[in-house]
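As structure tokens, the structure follows; a few thoughts come after it.
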Amino acid sequence: MALIACKGLSLRYENRLAVEDVSFEIEAGDYVCIVGENGAGKSTLLKGLLGLKTPDAGSISYGEGLKQRMIGYLPQQTVVQKDFPASVYEVVLSGCLNRRGMRPFYSSAERQIAERNMERLSVGALRKKSYRDLSGGQQQRVLLARALCATEKLLLLDEPVTGLDPVVTSELYAMIRQLNLEGVTVVMVSHDITCAVHNAGKILHMGTGVLFYGPAQDYPDSAVGRRFLGGGHHA
Ligand code: ADP
């Protein structure tokens with residue numbers, strides 16, 4: 001059974017259909033990059049997968065015991081988040097919020113999960129620093145560690161490298177690849193199509209509907225891949 005199966009999924013904002021009749025399956029261990037023009041419905045699709053938007057039609061089902069609240073999510077960075085006045089440790093630990101539920105304090109097991117994921121992303125030494133004093137790349141590592149506290153199974157990443165310089169960008173991609181090799185399924189929205197083709201196993205090209213879904217190596221030779229890659233849309 002697939003980790004995620006979307007069947008005829010449509011998601012709407014009032015009168016506007018942002019995602020229309022989308023069907024695809026994501027297997028455990030996949031690394032899927034979602035690409036497409038601005039307004040193609042990529043972020044909306046992620047919100048659907050997270051259960052933050054109710055399907056207008058169709059369905060999303062989860063296999064392998066995956067629960068929606070056990071999905072690790074790295075949202076698009078906002079200015080407010082960049083200025084968040086909490087320590088690195090507090091930000092990472094807040095990824096355990098869904099595990100904690102109604103209990104007033106985090107358990108020692110949850111604290112250990114936070115410790116382990118700080119080590120995993122090499123931000124342990126920054127634990128007492130204020131999140132807002134970190135560089136953009138460090139902030140993204142902290143947010144990845146936070147997302148991993150919610151999940152060992154599935155990470156949803158929305159434009160994780162936006163605004164980072166090329167060196168930090170390739171470090172972050174290497175980190176995400178490593179997590180995928182360790183067994184975490186990765187679904188990432190990316191503007192950087194060239195990089196997506198090199199890093200991901202599968203490409204999902206959205207244009208309200210699905211324009212392409214398949215192995216990354218088949219994408220450059222597909223009709224939509226040729227148009228998109230050849231059209232100067234590398235930004
Ligand atoms: P992408 O992530 O591919 O840029 P989005 O999923 O953000 O695309 O947007 C898909 C469509 O839905 C766009 O036409 C956008 O204007 C519209 N849209 C996105 N968010 C909202 C919202 N909160 N309210 C109304 N329309 C929205």
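Readers should treat all values here as calculations from the given coordinates under stated rules, not as data from a laboratory. In this text the structure is predicted, and so the values were computed from the model without any measurement. Reconstructed Cβ throughout: ideal geometry from the backbone, glycine too, with neighbour counts over all protein chains shown.
Roughly how many Å is it from the Cα centre of region 64-104 to that of region 1-33, as a whole number?
Comparing the Cα centres of region 64-104 and region 1-33, I get a distance of 23 Å.
Pick from Val210, Val167, Val19 the residue whose mean-square fluctuation is largest in a GNM of the chain, springs joining Cα atoms under 10 Å.
Comparing Val210, Val167, Val19 in the GNM, the peak value goes to Val167.
At 7 Å along the Cα-to-beta-carbon direction for both Asp218 and Thr194, put a label point, then send me their distance in nm to one decimal.
Between Asp218 and Thr194, the label points sit 2.5 nm apart.
Report the calculated FRET efficiency for Arg227 and Thr162 (r = Cβ-Cβ distance, R0 = 22 Å), to the nearest 0.05.
0.40
If I take R0 = 41 Å and measure r between the Cβ atoms of Glu90 and Thr54 in this structure, what FRET efficiency does the formula 1/(1 + (r/R0)^6) give, to the nearest 0.05?
Approximately 0.80, to the nearest 0.05.
Mind listing the long-range amide H neighbours of Leu74? Cut-off is under 5 Å, sequence gap 5 or more, other chains count too, H placed in the peptide plane at 1.01 Å from N.
Leu156, Leu157, Asp158
Just want the ordering: Phe84, Phe212, from fewest to most Cβ atoms lying within 10 Å of their own Cβ.
Lowest to highest Cβ neighbour count: Phe84, Phe212.
Count the lysine pairs in the chain that are 8 or more places apart or on different chains: how many have C-alpha atoms under 20 angstrom apart?
15
For Gly214, enumerate residues with amide H under 5 Å from its amide H, sequence gap 5+ or separate chain, H modeled in the peptide plane.
Here Ile203 satisfy the definition.
In what order do Glu25, Glu119, Glu110 fall by count of nearby beta-carbon atoms within 10 Å, going from fewest to most?
Lowest to highest Cβ neighbour count: Glu119, Glu25, Glu110.
Throw me the Rg/Rh for the chain, computed over C-alpha atoms with Kirkwood Rh, two decimals.
Looking at the chain, the ratio lands at 0.97.
Provide the gained length on full extension for the span Arg16 to Phe105, in nm with one decimal, where the gain is 0.36 nm per separating residue minus the Cα-Cα distance.
Extra length available between Arg16 and Phe105 comes to 27.8 nm.
So what is the relative contact order of the chain, in percent, for Cα pairs below 8 Å that sit 6 or more residues apart?
Relative CO of the chain lands at 26 percent.
Going 7 Å from the Cα of Ser23 toward and past its Cβ, which residues in region 45-89 have a backbone nitrogen under 12 Å from where you end up?
58-59
If eta is 0.692 mPa s and T is 37 °C, what Stokes-Einstein diffusion coefficient results for region 97-235, Kirkwood Rh from Cα pairs, in µm²/s?
195
For region 37-52 and region 163-211, what is the separation of their C-alpha centers, rounded to whole Å?
Cα centroid of region 37-52 versus Cα centroid of region 163-211: 16 Å apart.
Calculated from DSSP H runs of 4 or more alone, at -39500 (n - 2.57) each and per residue, what is the 222 nm mean residue ellipticity of the chain, nearest 500?
That comes out to -10000 deg cm²/dmol.
For Leu17, Leu181, what's the fewest-to-most ordering of other Cβ within 10 Å of each Cβ?
Leu181, Leu17
What FRET efficiency do you get for Lys7 and Thr78 if R0 is 35 Å and r is their Cβ-Cβ distance, rounded to the nearest 0.05? Could you put the intermediate results ahead of the total?
Details: r = 32 Å, r/R0 = 0.92.
Given R0 = 35 Å and the Cβ-Cβ separation, E is 0.65.
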